[in-house]
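J.: One structure, pasted below without further comment.
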Amino acid sequence: MHSHDIGYPALHPVQADACHGASHLCSQHGSPVILQSGHHVRAKTNSPIFGVLTQPVPSAWTDHKDMTFVESSNVEFLQAAGARVIHLDYRMSQKELKLELEQLNGVYIPGDTKAAYMDGEFVNTVGNILSWAETHNNDESHHFPIIGVSWGMMSMLKSQMRDTSKLVDLPEWMAGEALQQNLNLIPFETFTYDEMTPKGLEGLLDTMDFYNELDIGLALRDFNVNRGMRAFVPVATWDSDTTSVNRFDEYVSMIEGHYHPFFGFGYRLDKVQFDFHTTGTDGHSKVDHHKKSIQHAQRIANLVVDEARLSENRYKWTNDETERLIKNQDVTFVDVPSTHSFIENKDYDSSYRTEMYLFQ
């Protein structure tokens, strides 16, 4: 049964149980797990809107100079779980950004190229979004998830660090490759996997590869002692592929918020379901498209979109909301130069084909 008022989306009725209302995420055992999370049955909206942060165009893409972009796979990833999407221009002022955030139910930070991570204005905007969301989520009646993917996750980490000297080059063999991950926490200590058994999750992760485009990382040892990382929990690290490396020297590949619904994935999560057009020897051909990988990616998409459903933010006027939706924009099919540092040493193609939204 849904309640519905004119001018507002249909809402689930409030559910009374042992989980203390909508203030906590509850495990399958009915006990609170993490502050500021909750069951999907407590949704404040059934069709949440995510803002996807645009990215600076790499200098090598001369045909699209002075534009911003988002690869369409990021948008499709969210839409597959029922979200609606608008684009957020990373160049907007703090005042404009705040007004936009107050109307959205979550933010997605893509990382399609390293150019975003290297752009000071982009990273500063990521930091402003995290700061706003942290304050917003401190109110128990508010909920606002943030998800960063690939260089988007690294931009989240970088935005919180005063000293970035511990962000170091990854071993050459790791960049542009399909890697495996090691869990740093047991499943029930996480939000993403809290309903899985340790054995079940280990078995699942052992069957999948995760395509990594990062050539910079943060070792678990340095993550744990960096004051800027207090808002995050390191969920997993990249498998070093050797027993001689101490696990604290492995590089963080997945994070969650310590108290808030923040998520970061160091691999191209968006490409698992929506990157079948890649051919040749481009690195994207290493994306794992097996059935279990697709199911895993969809599970995460469902998770973060369900988190956004707990947000009661909305546009004041329906016309403004409709006009902002990214479905009103054209998708451009392009061949662009690859800007990844690893393409030459690995003999990958110097360009790749993709679909993206381009903005002035």
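The values are calculated or read from the model by the stated rules, or taken from the named source; none is laboratory data. Just so it is clear, the structure is predicted and the values come from calculations on it, not from any experiment. Note that we place each Cβ from the backbone using ideal geometry, even for glycine, and neighbour counts take in every protein chain shown.
J.: Which of the residues that make up region 304-328 are part of a loop (DSSP other than H, G, I, E, B) and more than 21 Å from the chain's Cα centre (by Cα)?
T.: The first filter runs over region 304-328 and keeps only residues part of a loop (DSSP other than H, G, I, E, B), leaving 309-317.
Within region 304-328, Arg314, Tyr315, Lys316, Trp317 qualify.
J.: Within the set of pairs 6+ apart or on separate chains, which have a first residue in region 327-347 that is farther than 17 Å from Leu358 by Cα and of a type in the set (Lys, Arg), a second that is modelled with pLDDT of 75 or more and in a loop (DSSP other than H, G, I, E, B), and C-beta atoms under 8 Å apart?
T.: Note: pairs meeting the criteria are Lys346/Gly176.
J.: Taking Asp347 and the conditions (1) acidic (Asp, Glu); (2) in a loop (DSSP other than H, G, I, E, B); (3) crowded, with 18+ Cβ neighbours inside 10 Å, which numbered condition does it fall short on, given that it satisfies the others?
T.: (3)
J.: Further question: Sort out which residues of region 172-221 are among the acidic types (Asp, Glu) and either crowded, with 19+ Cβ neighbours inside 10 Å or within 21 Å of the chain's Cα centre (by Cα) (or both), and write them in order of number.
T.: Correct list: Glu177, Glu189, Asp194, Glu195, Asp209, Glu213, Asp215.
J.: Further, regarding this structure: Kindly check whether there is at least one residue in region 34-47 that is in contact with a helix residue (DSSP H, G or I) (Cβ under 9 Å, 6 or more places away or on another chain), modelled with pLDDT of 95 or more and among the charged types (D, E, K, R). Walk me through it before giving the result.
T.: The first filter runs over region 34-47 and keeps only residues in contact with a helix residue (DSSP H, G or I) (Cβ under 9 Å, 6 or more places away or on another chain), leaving 35-40, 42-45.
After this cut, where a residue has to be modelled with pLDDT of 95 or more as well, the list is none.
No: region 34-47 contains no residue that is in contact with a helix residue (DSSP H, G or I) (Cβ under 9 Å, 6 or more places away or on another chain), modelled with pLDDT of 95 or more and among the charged types (D, E, K, R).
J.: Scan region 193-205 and tell me whether some residue there is under 20 Å from Gly228 (Cβ atoms), out of contact with any strand residue (DSSP E or B) (no Cβ under 6 Å at 6 or more places or on another chain) and without any contact (Cβ under 8 Å) to a residue 60 or more places away in the chain. Break it down stepwise before answering.
T.: First, the residues of region 193-205 that are under 20 Å from Gly228 (Cβ atoms): none.
Looking for residues that are under 20 Å from Gly228 (Cβ atoms), out of contact with any strand residue (DSSP E or B) (no Cβ under 6 Å at 6 or more places or on another chain) and without any contact (Cβ under 8 Å) to a residue 60 or more places away in the chain, one finds none in region 193-205, hence no.
J.: Now for a separate question. Considering only region 222-276, state which residues are over 17 Å from Gln160 (Cα atoms), assigned to a loop (DSSP other than H, G, I, E, B) and either within 16 Å of the chain's Cα centre (by Cα) or modelled with pLDDT of 90 or more (or both).
T.: Asp239, Glu250, Tyr267, Arg268, Val272, Gln273, Phe274
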